Amino acid sequence: MDLDLLQATLAQRGQPAFRARQVWEWMARGASSYAQMTNLPEALRDDLERSVPLSSLTLEREALASDGTEKALFHTADARPLEAVLMRYRGGAKHSASVQTPSRGRRSLCLSSQSGCPLTCSFCATGSMAFGRNLTASEILDQALHFKRRESSARHPASPSESQGAVPAPRIDHCVFMGMGEPLLNLDNVLAACERLPDIGIHPSSTTVSTVGWIPGIDRLAERDGPTIRLALSLHAPDDALRSELMPVNERYPLADVLDACRRWHAARRRRVYVEYLMLGGVNDHYEQAIALAALLAPRTAFKVNLIPYNPTDSSFEGSSRDAIDAFRSALEERGVPATVRLTRGRDIDAACGQLAAGAGAGADADADARAASAAPAR
Ligand code: SAH
């Protein structure tokens with residue numbers, strides 16, 4: 001919902017200030033019509049129905065992966081495409097396979113901060129589509145509200161048993177900005193959206209912003225007042241030459257400077273930075289590169305590595321083998337660097353990390369797992 005339009009419309013109608021809050025509270029709980037907002041006068045509900053659309057986004061396409069991951073392709077009022085992903089996990093917060101007793105499944109959102117992305121990382125599908133623009137805070141929130149409405153309705157495709165009342169209803173309680181775009185290039189709107197996410201049930205400490213290493217944004221996150229939002233850094237290479245090849249932004253903000261900014265963030269926030277490292281076969285997955293990476297990540301308490309299996313895009317890269325990923329992880333852990341491997345989800349609908357390219361035909365990726373990695377190491 002365009003919250004500015006809502007405010008303006010209510011003001012125009014001479015409505016008291018608390019009306020906007022009432023409408024928002026309904027939306028945040030997953031309301032799918034004004035008719036449900038029974039504490040609003042009926043005439044006002046009818047009026048709003050005509051003048052303020054329930055969402056600032058139009059749903060264009062949806063896809064449901066075999067693992068329960070769901071992707072939605074939207075467009076904005078000015079026809080900019082974007083995608084968002086909901087990851088559903090059965091059972092407990094971490095490794096569902098080991099959970100014997102019924103418990104509610106975790107739900108994690110992967111949101112886009114921009115339509116397209118200006119940064120052209122060579123391995124990422126979003127980078128190859130045209131950059132549109134920054135999304136507004138309302139457009140970011142509307143991605144979350146779409147899935148909130150979805151989950152509030154009776155249908156839970158990933159967990160039929162949960163809808164039979166045997167366990168508490170699942171809640172969307174994690175969010176990662178790992179969809180399209182670079183969130184730190186749109187930080188004001190991302191933070192404005194984050195301020196409202198708790199109303200939807202997502203705490204700041206369960207919200208992760210993932211960045212290519214946009215230093216001014218990292219510094220702002222370190223210095224800002226307010227609760228700590230988690231920080232993830234897309235690193236992908238242990239030296240400047242390779243990183244610049246993979247991620248052109250490295251020319252502007254080289255590795256050492258980005259890591260210094262992460263250390264400042266860590267010092268201010270007292271949380272580990274999640275280092276994301278995409279595993280590209282024969283490119284960045286050699287043993288020596290693991291050692292070089294471990295040497296960079298000091299102090300040990302400031303970082304945690306999440307190795308990301310490559311999700312196919314139109315690029316010429318190939319993912320590392322499972323053995324190479326395991327060996328890389330062991331090399332890190334032997335040197336005291338905590339490392340996990342991201343569990344990839346949604347690949348069969350191009351909803352995995354790096355596959356999001358809305359409108360480009362192939363599908364844009366929002367690696368479900370990346371987001372999950374924020375609070376729940378996959379493996
Ligand atoms: N611009 C931000 C957030 C969007 S990308 C960033 O770069 O962090 C979210 C994550 O998906 C990043 O870690 C990114 O490197 C990763 N990713 C991109 N392409 C991928 C691919 N093809 N396979 C797996 N992960 C990919």
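A short reminder: the numbers here are calculations on the coordinates, not readings from a lab. For clarity, every value in this text was computed on a predicted model and none was experimentally measured. Backbone-built Cβ (ideal geometry, glycine too); neighbour counts: all protein chains shown.
Can you give me the Cα centroid spacing of the stretch 281-351 and the stretch 130-148 in angstrom?
29 Å
Just grab the label-to-label distance for residue 49 and residue 203, each label 7 Å out from Cα along the Cβ direction, in nm (one decimal).
Placing both labels 7 Å along Cα→Cβ, they lie 3.9 nm apart.
Could you grab the relative contact order for the stretch 3-51? Cα pairs under 8 Å, six or more apart, rounded to a whole percent.
Worked out over the stretch 3-51, it gives 27 percent.
With a point put 7 Å past each Cα toward its Cβ, work out how far residue 300 is from residue 58 in nm, to one decimal.
5.6 nm
Taking just the alpha carbons, could you work out the radius of gyration and Dmax for the stretch 3-51, both in angstroms?
Cα-based Rg and Dmax for the stretch 3-51 come out at 9.8, 26 Å.
In which sequence would 219, 285 go, from the one with the fewest C-beta neighbours within 10 Å to the one with the most?
Exposure proxy ranking, most exposed first: 219, 285.
Could you state the number of Å between the C-alpha centres of the stretch 9-72 and the stretch 223-277?
The distance from the Cα centre of the stretch 223-277 to that of the stretch 9-72 comes to 37 Å.
Once Lys and Arg get +1 and Asp and Glu get -1 on their Cβ, which of 41, 20, 9 lies farthest toward the positive end of the dipole of the stretch 3-51?
Projecting each Cα onto the dipole axis, the largest value belongs to 20.
Give me the dipole magnitude in Debye, nearest 20, for the stretch 3-51 about the Cα centre, with unit charges on the beta carbon: positive for Lys and Arg, negative for Asp and Glu.
100 debye
Counting alpha carbon pairs within less than 8 Å and at least 6 residues apart, what relative contact order, in whole percent, applies to the stretch 174-301?
Relative contact order comes out at 24 percent.
Please give the length that would be gained between residue 260 and residue 122 if that part of the chain were fully extended, namely 0.36 nm times their separation in residues minus their C-alpha to C-alpha distance (nm, one decimal).
Taking 0.36 nm per residue and subtracting the Cα distance, the gain is 47.2 nm.
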